[in-house]
Amino acid sequence: MTTDTVAPPTQHSTGPRASRVWWRRGGILAAGVGAVAGAVWVGLHVTPDPLAPPPLEPGQVATAPLPAGLPTPVQRFYTTLYGQQVPVVDTAVISGRGTMRISGITFPARWRFSHTTGQDYRHFIELTLFGRRVTAVNEWFLDGDARLELPVGVSQGPTIDQGANLALWAEAVWMPTVWITNPAVRWEPIDDTTARLIVPFQDDEETFTVHFDPTSGLLTRMESMRFKGEADLQKTLWINDASQWDNLDGHQVPGQTAITWGDEAGPWARLTTESVIYNADLDDYLEANGP
């Protein structure tokens, strides 16, 4: 007679020893995730090197008399910056570094904004990690048409054009005499520290409310209503702050600026200005790609 051998029952990992194994594995995983998160946190606090200087030479800057009849805070602003003779700026290239919040993450950034004043611009922006480029943004506003090449795709259309036109005039804060030398722009009074800036947009106009410091006379804030995205049906309050004015190579410019959407808790961009070039030849540069 043959006797069948019965195998011992399978030992399932359900006891205290198995629990310790799973806790140990979970702890290792958590430690790994924590290490990666910590490294990213460190990388997001590394300031990148500035962009390489552009291959441009500044041009001659002529002057013109400060026009009469400006609202009181506007007159004071220009007199504080320039006296009675103001520079005539046809092109400007502004470069710097700062931070920008994208999808809830604040990245170090380096940037360059290039303008044919009151007409066209090109933006180049790099977001960085450990000082190295993570992604780049190219934006153009040429002949009234905007094209934004973003990490998530290309944005174009009427609402993008409206926002780009506001950016064109808001960024003139780095060459503010454009607001008094361009005949398509006008100022209207509000009170002793506030004025209304009216700029052209296609066959219509757009308006900024501009605030000036009561002590220094310098511009501190610009507010306007801007479409936030390509599919938006309503405009959102758009705030541009100039918290500090600096002297760069003999030019008084906003050294620290911040950009905020009115429906968000704080600025999504903080910019430090590091160089300005006026009246360079931008015929080819403005339509290029990259820094």
Report yes if Asp232 is among the acidic types (Asp, Glu) and in contact (Cβ under 8 Å) with a residue 24 or more places away in the chain, otherwise no. yes
So, of the residues in the stretch 220-239 that are of a type in the set (A, V, I, L, M) and either in contact with a helix residue (DSSP H, G or I) (Cβ under 6 Å, 6 or more places away or on another chain) or farther than 16 Å from Pro254 by Cβ (or both), which turns out to be surrounded by the fewest Cβ atoms within 10 Å (Cβ to Cβ)? Leu233
Sole residue being within 30 Å of Val42 (Cα to Cα), within 14 Å of the chain's Cα centre (by Cα) and acidic (Asp, Glu), chosen from Glu139, Glu171, Glu149: Glu139
Those residues of the stretch 96-131 which are buried (at least 17 other Cβ atoms within 10 Å of the Cβ) and not in a strand (DSSP E or B), in sequence order: Thr117, Gly118
Look through Val93, Val154, Val86, Val134 and report the one residue that is in a strand (DSSP E or B) and without any contact (Cβ under 8 Å) to a residue 12 or more places away in the chain. Val154
Report yes if some residue within the stretch 154-169 is buried (at least 16 other Cβ atoms within 10 Å of the Cβ) and under 19 Å from Thr79 (Cβ atoms); otherwise report no. no
Restricted to the stretch 244-274 and to residues being in contact with a Lys or Arg (Cβ under 9 Å, 6 or more places away or on another chain) and of a type in the set (Gly, Ala, Ser), the residue farthest from Thr117 (Cα to Cα) is Gly266
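Please pick out the residue among Ala242, Ala170 that is under 23 Å from Leu148 (Cβ atoms) and in contact (Cβ under 8 Å) with a residue 24 or more places away in the chain. Talk me through it step by step, then tell me what you get.
On the way: Ala242 fails: under 23 Å from Leu148 (Cβ atoms).
Selected residue: Ala170, the only one of Ala242, Ala170 that is under 23 Å from Leu148 (Cβ atoms) and in contact (Cβ under 8 Å) with a residue 24 or more places away in the chain.
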Which listed residue, of Thr273, Thr193, is out of contact with any Leu (no Cβ under 8 Å at 6 or more places or on another chain), at pLDDT 95 or above and either under 30 Å from Asp49 (Cβ atoms) or not small (Gly, Ala, Ser) (or both): Thr193
Residues that are hydrophobic (A, V, I, L, M, F, W, C), closer than 19 Å to Pro87 by Cα and part of a strand (DSSP E or B), drawn from the stretch 209-255: Leu219, Trp245, Leu248, Val253
Return the residues of the stretch 54-83 that are polar (S, T, N, Q) and either at positive phi or touching a residue at least 60 places away in the same chain (Cβ under 8 Å) (or both); say none if nothing qualifies. Gln60, Thr72, Thr79, Thr80
Single residue of the stretch 64-85 satisfying the filter (in contact with a Phe, Trp or Tyr (Cβ under 8 Å, 6 or more places away or on another chain) and surrounded by fewer than 20 Cβ atoms within 10 Å (Cβ to Cβ)) that is nearest to Tyr285 (Cα to Cα): Leu66
Among the residues of the stretch 62-81, is any touching an Asp or Glu at 6+ places or on another chain (Cβ under 8 Å) and assigned to a helix (DSSP H, G or I)? yes
Quick check on the stretch 35-57. Is at least one of its residues closer than 24 Å to Ser216 by Cβ and surrounded by 12 or more Cβ atoms within 10 Å (Cβ to Cβ)? no
Those residues of the stretch 136-161 which are more than 24 Å from Asp283 (Cα to Cα) and at pLDDT 95 or above, in sequence order: Gly157, Pro158, Thr159
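The values are calculated or read from the model by the stated rules, or taken from the named source; none is laboratory data. Not measured: the values here are computed from a predicted model. Note: ideal-geometry Cβ built from the backbone for every residue, glycine included; neighbour counts use all protein chains shown.
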